[in-house]
Amino acid sequence: MYRTRTCGNLRLADEGLIVTLAGWVQKTRKMGGMTFVDLRDRYGITQLVFNHEVDAELCEKANKLGREYVIQVTGTVRERSSKNPNIPTGEIELVVSKLNILNSAVTPPFTIEDDTDGGDDLRMKYRYLDLRRNAVRKNLELRHKMAFEVRSYLDKEGFLEVETPVLIKSTPEGARDFVVPSRMNPGQFYALPQSPQTFKQLLMVSGFDRYFQIVKCFRDEDLRADRQPEFTQIDCEMSFVEQEDVIQTFEGMAKHLFKTIRGIEIKEPFQRMSWQDAMKYYGSDKPDLRFGMKFVELMDIMKGHGFSVFDNAAYIGGICAEGAATYTRKQLDALTDFVKRPQIGAKGMVYARVEADGNVKSSVDKFYSQEVLQQMKEAFGAKPGDLILILSGEDAMKTRKQLCELRLEVAEQLGLRDKNKFACLWVVDFPLFEWSEEDQRFYAMHHPFTSPKPEDVPLLDTDPGAVRANAYDMVINGVEVGGGSIRIHDSQLQDKMFKLLGFTEEKAQEQFGFLMNAFKYGAPPHGGLAYGLDRWVSLFAGLDSIRDCIAFPKNNSGRDVMIDAPSAIDDVQLDELNLKIDIKEK
Ligand code: ASP
């Protein structure tokens with residue numbers, strides 16, 4: 001037996017016990033005739049003591065231990081004279097009588113400590129060492145606990161976990177597919193699932209009634225902090241349900257997770273907002289509702305007073321930052337620069353402070369009388385000490401998105417994006433289609449299997465752009481943590497949907513014939529949702545990037561720098577797969 005206890009569980013009550021521990025040397029320090037070693041394993045750190053006077057040879061051996069050596073020690077638990085209140089084992093130490101070096105270690109490229117000196121790239125290259133650090137390990141422990149609680153909740157609700165294949169055919173979720181060549185079928189490729197969407201619908205046709213799967217999905221798209229090429233979904237589907245049933249079930253799951261993982265009783269029902277309102281008042285389909293600063297439209301008040309920027313605008317709108325009139329000219333200039341950055345693209349920003357006497361002082365005072373400025377102030381319900389920030393533009397949607405960025409930035413600066421506060425929201429009534437100016441065609445806003453709202457079905461023939469979908473997203477603190485829809489279960493309606501999306505009959509048959517056929521054999525009404533596990537974990541762990549809750553993530557170029565993937569394959573393999581590489585100059 002390598003050990004009788006772990007490095008995390010000895011307490012004062014264990015004083016006098018003789019135990020054996022095993023773990024990694026975090027650090028050693030010499031003090032007088034004593035040597036102290038911090039021994040670490042997954043469970044914690046225990047202080048070891050070696051006394052030169054008692055056993056000089058053993059102490060010498062301890063002095064030679066390097067960082068990250070793997071050792072086994074036997075000793076007696078003793079109360080510490082100087083206690084460390086910061087760790088659970090801080091009241092005791094182990095007086096070592098036997099030391100066995102199980103393995104040596106070369107010096108790690110960065111310190112294995114909470115505040116490591118390792119930069120991002122280095123830590124990714126040696127991710128197995130990075131994973132020894134508390135912070136990263138804790139995230140994975142949280143992830144495990146979440147997956148466990150998800151299974152527990154869904155099992156109680158009657159969901160069955162069913163695995164679906166990974167080598168499949170394209171599932172349209174709006175991203176590019178990762179493809180895998182088939183050796184046995186020359187010239188043919190599998191696609192990795194962007195989601196198990198079609199399979200879970202087929203399981204409903206099979207009568208499984210309630211399915212879930214914690215499953216890897218693959219999407220070849222540009223990476224951001226909340227995206228990885230492979231990520232994990234809690235994928236679910238239910239039969240004989242309407243939107244309300246799905247929302248209730250998964251609001252219940254959110255509540256369960258908040259309670260069991262964070263110990264928070266979250267208020268129900270969650271707020272609901274139509275997509276239309278989300279875009280109008282927050283410029284985003286995933287508004288962060290931890291704070292206010294709802295957009296106020298100012299076209300009626302501010303247009304037509306000779307300020308040409310506003311006079312030519314299709315949209316003028318702003319936000320009111322409570323108590324922020326103290327912003328200096330320098331801070332306001334910095335905000336103007338922020339919205340003018342090419343990624344955001346605003347032309348400028350107008351600001352107005354409400355002064356102590358209620359008067360409004362703005363950056364465009366020469367165009368507006370105090371009377372008009374007072375009307376504007378009223379529109380925001382602004383009080384003395386508040387700061388109003390206004391953007392305008394020739395494209396209303398674009399300007400709202402810019403205002404959304406400004407709202408988030410100001411909230412960040414004012415400390416309103418508190419990671420321990422949670423604002424949960426359902427965004428509903430999404431448009432079914434999204435028009436692409438570039439391609440001059442409709443795309444499915446969610447995916448092509450999402451059903452239109454029954455009352456909007458007639459519009460499919462007359463005004464497809466106005467059709468609302470039976471779709472819903474769950475948004476927490478501005479993060480889309482999940483989304484789903486009630487599906488089309490009628491093969492004729494599905495046919496029509498494919499046509500509107502520009503599929504020819506042959507193409508639809510070729511791609512989705514299996515699903516359309518299945519629908520002919522008695523498909524129940526069904527719907528579902530997928531939660532993003534990575535996003536949930538990073539939200540609960542207070543992380544800025546989902547990378548930190550994934551054991552072996554990819555970097556921003558989609559590379560795993562530790563194993564060096566993707567990489568070239570050799571000619572024999574290429575030959576077997578009937579593949580030729582022809583890299584185009586870009
Ligand atoms: N398959 C969808 C997605 O990955 C989720 C769903 O509609 O259930 O976003």
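The values are calculated or read from the model by the stated rules, or taken from the named source; none is laboratory data. Just so you know, these numbers come straight off a predicted model, no measurement behind them. In this analysis, Cβ positions are derived from the backbone assuming ideal geometry, glycine residues included, and neighbour counts consider all displayed protein chains. Heavy atoms of the whole protein, side chains included, go into the accessibility calculation; ligands, DNA and RNA do not. Shrake-Rupley method; radii C 1.70, N 1.55, O 1.52, S 1.80 Å.
Find the strands (runs of 3 or more DSSP E) located wholly in segment 315-401 whose residues include 2 or more that are surrounded by 17 or more Cβ atoms within 10 Å (Cβ to Cβ) and among the β-branched types (Val, Ile, Thr), and list them.
On the way: elements: 315-321, 350-354, 360-362, 387-393.
So the answer is 315-321, 350-354, 387-393.
For beta carbons closer than 6 Å, sequence separation of 6+ or different chains, a first residue in segment 271-291 that is more than 14 Å from Ile319 (Cα to Cα) and a second that is among the charged types (D, E, K, R), the qualifying pairs are Ser274/Asp429; Trp275/Asp285; Trp275/Asp429; Ala278/Asp285; Lys286/Glu480; Arg290/Lys421. Sub-6 Å Cβ pairs linking a first residue in segment 463-480 that is aromatic (Phe, Trp, Tyr) to a second residue that is at pLDDT 95 or above, at least 6 apart or interchain, are Tyr472/Trp426; Tyr472/Val428, ordered by first then second residue.
Looking at Arg143, is it touching a helix residue (DSSP H, G or I) at 6+ places or on another chain (Cβ under 7 Å), open to solvent by less than 70 Å² (accessible area, probe 1.4 Å) and not in a loop (DSSP other than H, G, I, E, B)? Considered against the rule, which asks whether it is touching a helix residue (DSSP H, G or I) at 6+ places or on another chain (Cβ under 7 Å), open to solvent by less than 70 Å² (accessible area, probe 1.4 Å) and not in a loop (DSSP other than H, G, I, E, B), Arg143 comes out as yes. Answer yes or no as to whether Val136 is open to solvent by less than 30 Å² (accessible area, probe 1.4 Å) and at pLDDT below 95. Against the criterion (open to solvent by less than 30 Å² (accessible area, probe 1.4 Å) and at pLDDT below 95), Val136 qualifies. The set of residues in segment 150-209 being under 23 Å from the mean Cα position of the chain (by Cα) and at pLDDT below 95 consists of Thr171, Pro172, Glu173, Gly174, Ala175, Arg176.
Can you tell me how many residues in segment 447-462 are acidic (Asp, Glu) and open to solvent by less than 50 Å² (accessible area, probe 1.4 Å)? Can you show your working first?
Step one: of segment 447-462, the residues acidic (Asp, Glu) are 455-456, 461.
Those left that are additionally open to solvent by less than 50 Å² (accessible area, probe 1.4 Å): 456.
Number of matching residues: 1.
Among all positions in segment 469-490, there is at least one residue which is in a loop (DSSP other than H, G, I, E, B), within 16 Å of the ligand (Cβ to nearest atom) and over 28 Å from Leu539 (Cβ atoms). Residues being over 25 Å from Ala321 (Cα atoms), modelled with pLDDT under 95 and out of contact with any Phe, Trp or Tyr (no Cβ under 9 Å at 6 or more places or on another chain) are represented in segment 428-437 by at least one member.
For segment 148-161, give me each residue that is assigned to a loop (DSSP other than H, G, I, E, B) and surrounded by 18 or more Cβ atoms within 10 Å (Cβ to Cβ).
Of the residues in segment 148-161, the ones assigned to a loop (DSSP other than H, G, I, E, B) are 157-159.
If the condition is that a residue be assigned to a loop (DSSP other than H, G, I, E, B) and surrounded by 18 or more Cβ atoms within 10 Å (Cβ to Cβ), then Phe159 is the only one that fits.
Inspect segment 482-493 for any residue being touching a Leu at 6+ places or on another chain (Cβ under 9 Å), of a type in the set (Val, Ile, Thr) and open to solvent by less than 20 Å² (accessible area, probe 1.4 Å) and give the result as yes or no. So that I can check it myself, show each step before the final result.
Just the residues of segment 482-493 that are touching a Leu at 6+ places or on another chain (Cβ under 9 Å), to begin with: 482-485, 491, 493.
With the extra rule that they be of a type in the set (Val, Ile, Thr), the set shrinks to none.
No, segment 482-493 has no match at all.
Restricted to segment 413-446, and to residues there that are of a type in the set (Phe, Trp, Tyr), surrounded by 15 or more Cβ atoms within 10 Å (Cβ to Cβ) and outside any loop (DSSP other than H, G, I, E, B), the residue that is farthest from the chain's Cα centre (by Cα) is Phe442.
Just to be sure before I move on: is Phe498 within 16 Å of the ligand (Cβ to nearest atom), surrounded by 18 or more Cβ atoms within 10 Å (Cβ to Cβ), within 28 Å of Gln233 (Cα to Cα) and not small (Gly, Ala, Ser) in the structure I sent?
Numbers: within 16 Å of the ligand (Cβ to nearest atom): no; surrounded by 18 or more Cβ atoms within 10 Å (Cβ to Cβ): yes; within 28 Å of Gln233 (Cα to Cα): yes; not small (Gly, Ala, Ser): yes.
Taking the combined requirement at face value, the residue does not satisfy it.
Cβ-Cβ contacts under 6 Å between residues 6 or more apart (or on different chains), taken from a first residue in segment 484-502 that is modelled with pLDDT under 95 and among the aliphatic types (A, V, I, L, M) to a second residue that is part of a helix (DSSP H, G or I) and away from the ligand (no atom under 15 Å from the Cβ), are listed as Leu500/Pro464.
Counting the residues of segment 1-31 that are open to solvent by 50 Å² or more (accessible area, probe 1.4 Å), touching a residue at least 40 places away in the same chain (Cβ under 8 Å) and closer than 15 Å to Lys98 by Cα gives 4.
In segment 224-245, how many are small (Gly, Ala, Ser) and open to solvent by less than 20 Å² (accessible area, probe 1.4 Å)?
Taking segment 224-245 as the starting set, the residues that turn out to be small (Gly, Ala, Ser) are 225, 239.
From what is left, the residues that are open to solvent by less than 20 Å² (accessible area, probe 1.4 Å) are 239.
Qualifying residue count for the region: 1.
Looking across segment 524-550, the residues that are open to solvent by 20 Å² or more (accessible area, probe 1.4 Å) and either part of a loop (DSSP other than H, G, I, E, B) or free of Cβ contacts under 8 Å to residues at least 40 places away in the same chain (or both) come down to Pro525, Gly542, Leu543, Asp544, Ser545, Ile550.
Taken together, the residues in segment 199-244 that are acidic (Asp, Glu) and within 12 Å of the ligand (Cβ to nearest atom) amount to 2. Scanning segment 246-269 for residues that are in contact with a strand residue (DSSP E or B) (Cβ under 7 Å, 6 or more places away or on another chain) and surrounded by fewer than 18 Cβ atoms within 10 Å (Cβ to Cβ) returns a single hit, Ile266.
Does Gly318 satisfy being under 14 Å from Lys401 (Cα atoms) and modelled with pLDDT of 95 or more?
Details: under 14 Å from Lys401 (Cα atoms): yes; modelled with pLDDT of 95 or more: yes.
It is true that Gly318 is under 14 Å from Lys401 (Cα atoms) and modelled with pLDDT of 95 or more.
Residues that are open to solvent by 50 Å² or more (accessible area, probe 1.4 Å), more than 19 Å from Asn556 (Cα to Cα) and of a type in the set (A, V, I, L, M, F, W, C) within segment 98-133 comprise Ile101, Leu102, Val106, listed in sequence order. Of all residues in segment 300-314, those being surrounded by 11 or more Cβ atoms within 10 Å (Cβ to Cβ) and closer than 16 Å to Gly348 by Cα number 8.
Scanning segment 172-198 for residues that are assigned to a loop (DSSP other than H, G, I, E, B), touching a residue at least 60 places away in the same chain (Cβ under 8 Å) and either among the basic types (Lys, Arg) or within 12 Å of the ligand (Cβ to nearest atom) (or both) gives Pro172, Glu173, Gly174, Arg183, Ser195.
With respect to the conditions (1) more than 16 Å from the ligand (Cβ to nearest atom); (2) within 23 Å of Phe189 (Cβ to Cβ); (3) open to solvent by less than 90 Å² (accessible area, probe 1.4 Å), Lys584 lacks only one, and its number is (3).
Among the residues of segment 39-82, those that are assigned to a strand (DSSP E or B), open to solvent by less than 20 Å² (accessible area, probe 1.4 Å) and either of a type in the set (D, E, K, R) or within 16 Å of Asn103 (Cα to Cα) (or both) comprise Leu39, Arg40, Asp41, Ile71, Val73.
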